[in-house]
Amino acid sequence: MAETKLMKGNEAMAEAAILAGCDAYFGYPITPQSEVLEYLAREMPKHGRVVMQAESEVASINMVYGAAGAGFRAMTSSSSPGISLMQEGISYLAGAELPCLIVNVNRAGPGLGTIQPGQGDYFQSTKGGGHGDYRLIVLAPSSVQEMADFVYLGFDLADKYRNPVLMLSDGAIGQMMEKVTFHPYTVPEKNKPWATVGKPETRERNYITSLFIQPERMEVHNQKLEAKFKQIRENEVRFEEINTDDAEYIFVAYGLSARICQKAMDLAREKGIKVGLFRPITLFPYPYQRLNELADKTKFMLSVELNSGQMVEDVRLGVNGKIPVEFFGRLGGMLPTPEDIVHQLETLMQHHGNR
Amino acid sequence: METVELTSSDVMPAVAPACKQEEFEMVYHRPATMVDVSMHYCPGCAHSLVHKLIMEVVDEMGIQDKTVGVAPVGCSVFAYDYMNIDMQEAAHGRACAVATGIKRLMPDKYVFTYQGDGDLAAIGIAETLHAINRGENILIVFMNNAVYGMTSGQMAPTTLPGMKTTTSPDGRDVSFYGAPIKVSELMSALPGSFYVTRQAVNHANGVRKTKKALENAFKYQQLHKGTCLVEIIGNCPSNWKMTPVEAAAFVDDEMVKTFPLGDIKVPKAEDLKP
């Protein structure tokens, strides 16, 4: 029977990692997600798993590379500055097609920034992040429950596509406590014939690399990755819609912003404003097509983000000029209230209505 | 670097086909775990020789199916093209972190990194030092030729005082860049290091000692008692702007002044008990 607990997002994610058969966690302390390493340092050894505090995020991600290359379920987590440090390793993981789970509990930036929640890492997360042509599968939880659920999903998708998966959370979802139910999950049998575990006589040697020094071979590898990303775009788009059926206006928001927008939507509906909420769950692949369909029956969309306007570019790509796409955001770890968002919506309604 | 697609047509085969067992005694052959291709290394370079020594040890110990190697960024980035074992190619300097990830998940495998001086002693010194400080049960093969090879001869952390490189055209000025890092001495101070030795392969005698050191280091992994670091002074004729013969002499005449050869840390008899 599934167990329900009251837990912090970060700890729920850590517990889910154990249940998801995560063989190894490598991490480095950084606010607001140090609980993950603390929780796993305590719990992983009880399950015979590997947990290690590395000397840096650079080391963490490369330990993940080694463990993933040996065919194990490996993960790391960090927050924005630490994730920046990992970008080199993430690019190598993507290039070498190694499955793993990386969690970014996003704080506000740039630079050292602040420890409060932010969504300023949207571009970094969804457009590559490190050097070269690659994408991560990006999952955006908006509840403690999803921080747990997306660990299972993340590992499964990573293994399915041999690609790193990034869970893009934030300092609020990671820190807040909510009910969480750990659904039964069966860890899939390991089937990684490419893993470097020692070469038996019965097969050719395996090697993990992202190096293809001949441009002809590099291009073939790039094309192979692109074909994979195309498949991911076709099969893995996930989103949630609330009240979009009769909506004249749509909030587009992910993660924490989506939660605030949900309340804003309720307030606006009480005032008789027909507004819905569209919440992308996968930020890559992005639900462009569904946004395009929704644009046919919507007056305008409002992208609400905790940054200076990043996802709004993808909303516009999806809508492709059919209707106006507006942006509203707070920065620096500050959050908009639901009332702020409703006020912005009403202002925009007036503006667009008067045209 | 021209190509990685290498063919065996112009290399001596592992077993000379003209030799019939009854007529000749086989005294030397390619290690079975070496891939039968010609290497991209320059004439007189130490890498090919050290690759072979490692593979000889793997052969003799019969551990091909239990060994995972980690290649660096540098001239030996293609080590996995030559070593017929499972390998991972690490980002520049990160080999010891990658090896940590492998070894911690598979403690009974033999895991080694193969790294140059730029990779290990410059960009990767943090990963190296911390891996050794944790006493990771891995072997670090450290190829020290005092220059960046793959990028054609820039100054390394191990470049000798006064040694000319493309980025120290007037010779390494220690008042500006500091003195060369003596990696083995530095790492031997860490309790996590179990066996630290510095060898050279410019003479047959050194080759034999180097092989013995590698053999010791592989065997010590079975003890799970700490990190083995085998530093090997490599000859780099191309970037030293020397003939292979001159480069071999340079090791004796100059390199060993800064990097004296021999064991730096050896396990005591009681440490060798399982």
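The values are calculated or read from the model by the stated rules, or taken from the named source; none is laboratory data. This is a predicted model, so every value here is computed, not measured. Counting neighbours? That spans all protein chains shown, and the Cβs are built from the backbone with ideal geometry, glycine included.
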* Hey, A:Ser60 hits all of (1) under 18 Å from A:Asn191 (Cα atoms); (2) in contact with a strand residue (DSSP E or B) (Cβ under 6 Å, 6 or more places away or on another chain) but one; which does it fall short on? -> (1)
* What number goes with the only condition from (1) under 27 Å from A:Gly128 (Cβ atoms); (2) surrounded by fewer than 15 Cβ atoms within 10 Å (Cβ to Cβ) that A:Thr282 does not pass? -> (2)
* Asked: Listed residues A:Arg49, A:Arg73, A:Arg42; which is among the basic types (Lys, Arg) and within 26 Å of A:Ile115 (Cα to Cα)?
  -> A:Arg42
* May I ask you to say which residue of A:Glu240, A:Glu248 is touching a Lys or Arg at 6+ places or on another chain (Cβ under 9 Å) and within 22 Å of A:Gly171 (Cβ to Cβ)? => A:Glu240
* Restricting to the stretch A:46-72, what's the tally of residues that are without any contact (Cβ under 8 Å) to a residue 12 or more places away in the chain and more than 7 Å from chain B (Cβ to nearest Cβ)? -> 2
* Asked: Given the residues B:Asn205, B:Asn216, which is the only one that is touching a strand residue (DSSP E or B) at 6+ places or on another chain (Cβ under 9 Å), among the polar types (S, T, N, Q) and part of a helix (DSSP H, G or I)?
  -> B:Asn216
* Elements of type strands (runs of 3 or more DSSP E) in the stretch A:220-287, at least 1 residues being without any contact (Cβ under 8 Å) to a residue 60 or more places away in the chain, under 21 Å from A:Asn320 (Cα atoms) and among the aromatic types (Phe, Trp, Tyr) -> A:239-242, A:275-280
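Listed here are the residues, each with its yes/no results for (1) more than 15 Å from the chain's Cα centre (by Cα); (2) closer than 21 Å to B:Ser76 by Cα; (3) modelled with pLDDT of 95 or more.
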position: B:Met187; (1), (2), (3): yes, no, yes
position: B:Asn202; (1), (2), (3): no, yes, yes
position: B:Val207; (1), (2), (3): no, yes, yes
position: B:Lys211; (1), (2), (3): no, yes, yes
position: B:Asn216; (1), (2), (3): no, no, yes
position: B:Ala247; (1), (2), (3): yes, yes, yes
position: B:Glu254; (1), (2), (3): yes, no, yes
position: B:Thr258; (1), (2), (3): yes, no, yes
position: B:Pro274; (1), (2), (3): yes, no, no
* Any residue at all in the stretch A:118-131 that is assigned to a loop (DSSP other than H, G, I, E, B), over 10 Å from the mean Cα position of the chain (by Cα), within 14 Å of chain B (Cβ to nearest Cβ) and not charged (D, E, K, R)? -> yes
* Scanning for something among the hydroxyl-bearing types (Ser, Thr, Tyr) and part of a loop (DSSP other than H, G, I, E, B), does the stretch A:152-169 turn up at least one residue? -> no
* **Test for A:Pro29: is it surrounded by fewer than 24 Cβ atoms within 10 Å (Cβ to Cβ), outside any loop (DSSP other than H, G, I, E, B), in contact with a strand residue (DSSP E or B) (Cβ under 9 Å, 6 or more places away or on another chain) and of a type outside the set (A, V, I, L, M)** => no
* In the stretch A:201-243, what count of residues is obtained for those that are within 14 Å of chain B (Cβ to nearest Cβ) and among the small types (Gly, Ala, Ser)? -> 1
* Selection within the stretch A:170-219 - loosely packed, with under 15 Cβ neighbours inside 10 Å, without any contact (Cβ under 8 Å) to a residue 60 or more places away in the chain and charged (D, E, K, R) -> A:Glu189, A:Glu201, A:Arg203, A:Glu204, A:Glu216, A:Arg217, A:Glu219
* Asked: Can we say A:Gly318 is of a type in the set (Gly, Ala, Ser) and either touching a strand residue (DSSP E or B) at 6+ places or on another chain (Cβ under 7 Å) or surrounded by fewer than 22 Cβ atoms within 10 Å (Cβ to Cβ) (or both)?
  -> no
* Asked: Quick one: which of A:Gly321, A:Gly333 is closer than 21 Å to A:Lys263 by Cβ and in the same structural domain as A:Lys297 (by TED's automatic domain parsing)?
  -> A:Gly333
* Structure fact -> Picked from the stretch B:38-65 (must be part of a loop (DSSP other than H, G, I, E, B) and among the small types (Gly, Ala, Ser)), the residue farthest from B:Ala248 (Cα to Cα) is B:Gly62
